[in-house]
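Some notes on the structure that comes next.
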Amino acid sequence: GGIITQTPKFLIGQEGQKLTLKCQQNFNHDTMYWYRQDSGKGLRLIYYSITENDLQKGDLSEGYDASREKKSSFSLTVTSAQKNEMAVFLCASSMDRGNTLYFGEGSRLIVV
Amino acid sequence: GDSVTQTEGLVTVTEGLPVKLNCTYQTTYLTIAFFWYVQYLNEAPQVLLKSSTDNKRTEHQGFHATLHKSSSSFHLQKSSAQLSDSALYYCALSDRNTGNYKYVFGAGTRLKVIA
């Protein structure tokens, strides 16, 4: 088995601030994902990475940057936090396409 | 584009009664994997069921689902709901063969089981 660890669990920042969420996995999975979870809107893909140093934009990438410098880690940066971006951000990984996605517990972004 | 539709936002059922959560899809992928994920309060989503075989029933933890390509559906069912089943459920699909690594999720259905 393995685990996905997201830090921090709560990220509080001011409007306009650049904020970074981190994700670590020890499954040794190649593919990693960042999703945004909003009530009633499901899980929307922000960025994904199919291998170290690879980055692919999802459907909701505007306003976000990502970084995959190591196979085990995947970071997401909110470039300029806005109050309407308050949500839970979920990191996930999978061995390959079509395989089970494993999720972290999420990081809640609060913009004041 | 590809999409997954879960028709109800909230399903409330009495303990001991059957429950069905609907999931239909549209996709251009030819070889597909389907998933049901469950997310309990303050926990990570976790896989409940997975299937890629047409007309084959898949079961886990008392839940079952059958992929029906003819009707583009993968509904989740349980014959007797338990209070502990209260959670958020997501239906999802993923392409297995082409270069597309995206997973497509439905909007989620919140299941509330009452005594």
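Throughout, read-outs are computed from the coordinates displayed, never taken from laboratory work. This structure is a prediction, so every number in the text was calculated from the model and none was measured. Positions of Cβ are generated from backbone atoms using ideal geometry, with glycine treated the same way; all protein chains shown enter the neighbour counts.
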Filtered hits (lysines, Cα-Cα < 19 Å from A:Lys71, offset >= 8 within chain) -> A:Lys22, A:Lys57, B:Lys102
Note: B:104-114 gets an average of partner chain Cβ contacts (10 Å, Cβ to Cβ) equal to 3
Chain B, Gaussian network, Cα under 10 Å: of B:Ser71, B:Ser52, B:Ser80, the residue fluctuating most is B:Ser71
Partner lysines whose C-alpha sits under 23 Å from that of B:Lys112, ignoring same-chain residues fewer than 8 away, are A:Lys41, B:Lys20, B:Lys50, B:Lys78
Here, A:Leu60 and B:Asn55, labelled 7 Å along Cα→Cβ, have an inter-label distance in nm of 3.8 nm
Along principal axes, largest first, the alpha-carbon spread of segment B:14-109 in whole Å comes out as 42, 30, 19
Answer in debye to the nearest 20: the dipole magnitude of segment B:3-114 about its Cα centre, from +1 Lys/Arg and -1 Asp/Glu charges placed on Cβ, is 200 debye
Mean per-residue count of partner chain Cβ within 10 Å for B:40-51 equals 3
At the level of C-alpha centres, the distance separating segment A:48-69 and segment A:1-41, in angstrom, is 12 Å
If every Lys and Arg gets +1 and every Asp and Glu gets -1 at its Cβ, then about the Cα centre chain A yields a dipole, in debye to the nearest 20, of 200 debye
